[in-house]
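In what follows, a structure is listed as structure tokens, so that the remarks can point back to it.
Read-outs throughout are calculated quantities, based only on the coordinates presented, and are distinct from any laboratory measurement. Predicted, not measured: the structure shown is a model, and the values here were computed from it. Neighbour counts run over all protein chains shown; Cβ positions are idealised from the backbone, glycine included.
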Amino acid sequence: MKNITLSADEELIRKAREKALREHTTLNASFRRWLESYVSAEARARDFDDLMRSMSYVRPGKKFAREEMNER
């Protein structure tokens with residue numbers, strides 16, 4: 001695993017460590033989870049766009065009234 005050095009406000013780091021402690025984890029583990037989420041967000045958006053394009057042939061056949069769209 002590669003180490004990196006980050007700079008942040010001292011008070012922000014203290015609050016982040018307290019939150020991690022309440023969540024029974026470490027600041028490092030929380031940051032690693034955030035970093036994974038940050039990197040994968042773009043891929044998830046791309047996957048969603050691909051799905052929407054693949055379903056572009058679907059048409060409802062008519063316009064629905066508000067009441068029809070809200071029926072359960």
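Observations on the structure shown:
- Whichever lysines have a C-alpha closer than 27 Å to that of residue 15, once near sequence neighbours (fewer than 8 apart) are set aside: 2
- Checking [x] 16, 13, 11; [y] 44, 19, 10; [z] 40, 24, 6 against semi-axes √(5λ) of the Cα gyration tensor in Å calculated from these atoms, the matching label is [y].
- Each of residue 9 and residue 47 was given a label point 7 Å from its Cα along the Cα-to-Cβ line. The distance between the two points is 3.5 nm.
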